[in-house]
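Worksheet for the structure shown next.
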Amino acid sequence: MMPPAVAARSVATVVAPAATEARVVVGIGEFAVVTRPEQTIVTHALGSCIAVCLFDPVAGVAAMLHFLLPESAINQERARLQPAAFADTGIPLLFQTAYHYGLEKKRTIVKLAGGAEVSETSGASLQIGKRNALAAKNLMWRNGVLVKSHDVGGHVARTVHLSARDGRLQVFNGRELLKEL
C-alpha cells in the first residue's frame, strides 16, 4: 500500500509525512502528493518561482511542485540531483508520481501561481518569472493538459495553500488572502 503522502526532496530521497500531518510544506525544488482530504499542501514566498498545482476530484489526489527555473539545461548537474527545481524535469516528475496515487490526466485540474518579477537590477530584468510561467503553460499545452486557472506575474511574492479536500487554491501575500482559484 502506498503512503498517504509523498514529499520529494531529490531523486534519492522521498519523505512520507506522518499520517497525522495535515499540512505538508513544499520548498524550492520540491514537490508533494497527498491523498487525505484533511491535508493541505503549502509553499511559501513564491517570487519568480512557480507552484504547479494538480487536483483529481475523483481519485482525491492533490499535488504541488515548486520549481525555480524553466529549463534543466541551465544546470544539468542540479537537474540530475534535484529535477523538481526545473519546469521541464519537475512537471513530468510531478505527474508521474501523482499517477501512482490514482491521478488521471483527463480529470486533472491544473492551477498555477507565482512567476512574479520581484527583483529588478538597475531596471533590467531577466524576466525569470515570465519565463517560468511560459515554460509551465507551454509544457502543459504540449502534453494536452489544460490550465484551469492561474495567478502569475506581477511584482509580489505569494504563498499558496492547496486543499486536498476540494482542490481549492488559496493565494496569499503575507497573511492577506489575495484570491482563491
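Please treat every number below as a calculation from the coordinates, not as lab data. Worth saying up front: this structure is predicted, and the values here are computed from it rather than measured. Note that we place each Cβ from the backbone using ideal geometry, even for glycine, and neighbour counts take in every protein chain shown.
A straight Cα-to-Cα reach below 14 Å connects LYS106 with the aspartates and glutamates ASP56, residues fewer than 8 places away in its own chain not being considered. Other residues whose C-beta falls under 10 angstrom from the C-beta of PRO37 contribute a net charge of 0, scoring Lys and Arg +1 and Asp and Glu -1.
Partner lysines whose Cα lies under 22 Å from the Cα of LYS179, excluding those fewer than 8 positions away in the same chain, are identified as LYS111, LYS130, LYS137, LYS148. Remark on region 27-181: ratio of C-alpha radius of gyration to 2.2 N^0.38 Å is 0.97. Dividing the mean sequence gap of close Cα pairs (under 8 Å, 6+ apart) by how many residues the chain holds gives a relative contact order of 24 percent. Determine the shape class of region 142-181: with a ≥ b ≥ c the square roots of the Cα gyration tensor eigenvalues, call it rounded for a/c under 1.5, and otherwise prolate if a/b is greater than b/c, oblate otherwise. Oblate, because a/c is 1.5 or more while a/b does not exceed b/c.
Sorted on the mean count of surrounding Cβ atoms within 10 Å across their residues, most packed first, peptides 167-178, 92-103, 26-37, 44-55 read 44-55, 26-37, 92-103, 167-178.
Counted by Cβ distance under 11 Å from LEU46, the other residues give a net charge of 0, where Lys and Arg count +1 and Asp and Glu count -1. Helix 128-142 and the longest principal axis of the C-alpha atoms of the chain enclose an angle of approximately 50°. Magnitude of the charge dipole for region 43-181, about its Cα centre and with charges confined to Cβ atoms of Lys, Arg (+1) and Asp, Glu (-1), is about 300 debye.
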